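Notes follow the structure.
Just so it is clear, none of the values below were taken in a lab; they were calculated from the coordinates. Values in this document were obtained by computation on a predicted structure and should not be read as measured data. In this analysis, Cβ positions are derived from the backbone assuming ideal geometry, glycine residues included, and neighbour counts consider all displayed protein chains.
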Amino acid sequence: MIAEAGLAALWLAAALAALQLALSCGLGGEQGRSIQTIRAVALAQGLLTLIAFGALIAVFLNSDMSVLLVAENSHSQKPWMYKFAGAWGNHEGSMLLWVTVLALAGAVVALFERRLDERTLGATLGAQAALALGFFAFLLFASNPFERLDPAPIDGRGLNPLLQDPGLAFHPPTLYLGYVGLSVAFSFAVGGLLRANVGPAIARAMRPWVLAAWVLLTLGITAGSYWAYYELGWGGWWFWDPVENASLMPWLAATALLHSVNVLAARGGLRAWTMMLALVAFSMSMVGTFLVRSGILTSVHAFAVDPTRGTFILALLALYIGAALTLFALRVAKVKEGAPFEIVSREAGLVANNLLLSVILGIVFLGTLYPLIAEAVSGEKLSVGPPYFNSVASPLALGLAALMMIAPQLRWRRDALPLLPRFAPGVLVASAVLAGSFILTPGIGLLPRLGLAIGAGLLPASLLPLFGRSLKRTPLAVWGMAMAHFGVAVAILGMASDSAFTKERLVAARPGETIEIGPWLIEFRNVMPVAGPNWTAIEGELRASKGTGVTVLKPQSRYFPSPPTTTNEAAIKTSWNGQLYAVLGEQDEQGRWQLRLWWKPFVTLIWLGGILIGLGGALALIGRLVRERRQRIRGEEAFA
Amino acid sequence: MMVKPKHQRLILVVLAVAAMLGAVLLAMWGLQDRAAYFVTPSDIAAGKVQPDKAMRLGGMVVKGSLKRDPDGLTVRFTVSDTKFETPVVFRGITPDLFKEGNGVIAEGRLESNGLFVADNILAKHDERYMPPQMANEVTAR
């Protein structure tokens, strides 16, 4: 019953999306009434989709095995949290989550956006409905999550054990909120272009959505990176896997948009460019979805290879991106020129930021899609991995970080000399670290060395925009910027330190043996069987010591009976200056166990930096929202 | 010196186009020798594979072929695409989902004696996943 109710809600929501699109096309005559109707329809559509998603969660929590999706992806003996998270740990469920967020975002715009003129808002909601409609069709015709199964099995196949992890409950929904939050920026851009209303007003309407989506993407990527780091047991934190790139591309576009939307909101500049970025950012979200959901690339993340679905999403993608670019080309002439600025100015710095980010985006995009292009053109199958991305994209990213030491301190419109005193702290620290690195660690690679220097220089430089201000009266947005830039410095230091100083050992050891790695002495004590709620495991006991004090690491090799799978659970010990990482492998005929150990100095800074970046964005978002609220109240008072 | 808004827009457009062109050129330069070609045992048997170049070998781990060297760390197995087979050697801990009869992708180089030396093993991440190339082979049969 619940499944049928969910499906019915989904059909109704799709019908409302069609109605919303039709209404916004017909908007014109009796404006006042029509925009109210559109608002109501958008709200109802959001609620119905939420009901459908709730129904899916309910069938998963009840372990209703007569629903095909539950039978294939869940198990009655599973801990409840993974039943819950299992609802979106599969293709159909994750697409329903995507549509739910899309419809809810439309509902929130309909409810709360009061400043934009009605015609632009109507066009925006029409665009949002058009987006939702395509994805509703995809769900209903190509991936119905509520399909029944007859006869119903008793237990179900179970969720991939790798995905049975608290990280899963948090990671995909966060990323999806981010992806789909960008859909609102896309719709605003479409609305603004359609109504020839591209200016600071639309940038101000767009900005909180871009910020929120960007914060969620940042946190989602950070969480995903840490999840891959500890769950896959490969000791790496970024693999340049197509699915990782699928989340990185919207993030890069959103980062560029985040900066340019500020220029438009504050100074009225970069109008057409900002609209273009808004279109590109959500297009990248859709490309990401296509890459992940179609299973078209040989990715370790791919759920299933299903050509119908791939073709369907590809058609949607071509339709939306094609329509958006056509609209841009047709309407860009109506976009007014922005306010002028000089070569040495905040605007110019942000243009450089945008150009660098766009080039990095282009490089990641081409590298990710190159296997598809090559196969289509010459039939050759190939993969593009770390050698390409690290050597082509990383230097540009470091250049961007170097720019970050300078640009935030420039003034809007024009800046006068002398610039040097403002840049000195960052440049001095960076040069000192660079010189020091040649003396202390001559053996490390060029990129990690530059990373250490630029990261260290950016630490003080990122805080300089706060310098000389009254800290109490500094807007939250400026605090947020400083925090996010500081986070970038921290993350770069972590990445550089990891690639420069990581120590790795691979050994076959008997219990009682001692292994040395970095500053640590590790005693391999024994291996014991242990059991969990739905798994059994063998667990190694390692005693790590470094001078005084002993810490115990317990890496496991887990066995899950349904579906029958073994996974490695790495043991990680975090200390203030790094992480000790241990993986237990198999036992050989002579009774030795394979052990893989890493000592990773300051690797935790990578994710700490990611969190700081996200929190900085959140701070800026709160600052903007509070300030807007104040202005609106003040405006209403003045009007009264 | 402030330029006219119209000229400024032109400059920005030129910059944007130049940046995009730069990205394409950089990517093309980078991809030229950094893409790892995906090969199958049949490609190797047909002599289409250059030795000592980074590549990915895909196929199924042949049942009964998995052996471990006395050092306890090196594994040897055979990868098959149902027509031909290639011997693979790998030193390290194999991933969780790596086992006989499963799909596998080995990253590494082919030696001139026909042995594939892997420095990384990727196994399927999901129970339903198999390399698309393998899926083609299996459905074709």
Practice problem: Using a 10 Å cut-off on Cβ atoms, rank the peptides A:312-325, A:401-414, A:117-130, A:538-551 from the highest mean neighbour count down. | Solution: A:117-130, A:401-414, A:312-325, A:538-551
Quiz item: Applying the Karplus parametrisation 6.51 cos²θ - 1.76 cosθ + 1.60 with θ = phi - 60° to the phi angles of the range A:356-366, what ³J(HN,Hα) value in whole Hz is obtained for each residue in order, glycine and proline being reported as x?
Solution: 5, 4, 5, 5, 4, 4, x, 5, 5, 4, 5
Practice problem: Note down the magnitude of the dipole of the protein assembly as shown about its Cα centre, charges +1 on Lys and Arg C-beta and -1 on Asp and Glu C-beta and zero elsewhere, to the nearest 20 debye. | Solution: 3020
Self-check item: Under 29 Å from the Cα of B:K83 - lysines, other chains or at least 8 residues apart
Solution: A:K381, B:K48, B:K53, B:K63, B:K67, B:K99, B:K124
Quiz item: In cubic angstrom, how much convex hull volume per residue do the alpha carbon atoms of the range A:173-231 span?
Solution: 59
Exercise. Straight distance only, please: which lysines reach the Cα of B:K4 with their own Cα at less than 28 Å, same-chain residues fewer than 8 apart left out?
Key: A:K334, A:K336
Self-check item: Shielding score for A:363-370, defined as the mean number of other chain Cβ atoms within 10 Å
Solution: 4
Quiz item: Along the charge dipole of chain A, which of A:P395, A:G224, A:W520 sits closest to the positive end, that is, farthest toward it, with unit charges on the beta carbon of Lys, Arg, Asp and Glu (+1, +1, -1, -1)?
Solution: A:P395
Quiz item: Given labels modelled 7 Å from the Cα in the Cβ direction, how far is it in nm from A:L314 to B:V17?
Solution: 3.1
Self-check item: Derived scalar couplings ³J(HN,Hα) [the range A:55-65; Karplus, 6.51 cos²θ - 1.76 cosθ + 1.60; whole Hz; x for Gly, Pro]
Solution: 4, 5, 4, 4, 5, 6, 5, 6, 6, 6, 6
Quiz item: So how many Å³ per residue does the convex hull of the Cα atoms of the protein assembly as shown work out to?
Solution: 183
Self-check item: Pairwise centroid distance, computed over Cα atoms, of the range A:362-417 with the range A:570-591, Å
Solution: 34
Quiz item: How much FRET efficiency would the formula 1/(1 + (r/R0)^6) give for A:K546 and B:L115, where r is the Cβ-Cβ distance and R0 is 60 Å, rounded to 0.05?
Solution: 0.90
Exercise. Report, in deg cm²/dmol and to the nearest 500, the calculated mean residue ellipticity at 222 nm for the protein assembly as shown, where each DSSP H run with n ≥ 4 adds -39500 (n - 2.57) and the sum is divided by the residue count.
Key: -20000 deg cm²/dmol
Quiz item: Looking only at other chains, what is the average number of their beta-carbon atoms within 10 angstrom of each beta-carbon in A:377-388?
Solution: 5
Quiz item: Nearest 0.05, what FRET efficiency do A:Q631 and A:R510 give at R0 = 51 Å with Cβ-Cβ as r?
Solution: 0.10
Quiz item: From the backbone phi of the range A:4-14, what are the Karplus-calculated ³J(HN,Hα) couplings (6.51 cos²θ - 1.76 cosθ + 1.60, θ = phi - 60°) in whole Hz, Gly and Pro given as x?
Solution: 5, 4, x, 5, 4, 4, 5, 4, 4, 4, 4
Self-check item: Order by protection proxy (mean Cβ within 10 Å, highest first), peptides A:614-624, B:29-39
Solution: A:614-624, B:29-39
Quiz prompt | Average other protein chain Cβ within 10 Å of Cβ, residues A:269-276 | solution = 2
Quiz item: Which of the peptides A:592-601, A:71-80 is most tightly packed, and how do the rest follow, going by the mean number of other Cβ atoms within 10 Å of each residue?
Solution: A:592-601, A:71-80
Quiz prompt | Globularity index of the range A:484-629, i.e. its alpha-carbon radius of gyration over 2.2 N^0.38 Å | solution = 1.35
Self-check item: Full-stretch length increase - A:Y559, A:A435 - with 0.36 nm per residue and alpha-carbon distance subtracted
Solution: 39.6 nm
Quiz item: In percent, how large is the relative contact order of chain A, given Cα pairs closer than 8 Å and 6 or more residues apart?
Solution: 11
Quiz item: Under 18 Å Cα-Cα from A:K600, which lysines qualify once same-chain neighbours fewer than 8 residues away are excluded?
Solution: A:K503, A:K546, A:K554, A:K573
Exercise. Would you mind checking which residues have amide H under 5 Å from A:Q579's amide H? H placed 1.01 Å from N; only 5 or more apart, or other chain.
Key: A:K600, A:F602, A:V603, A:T604
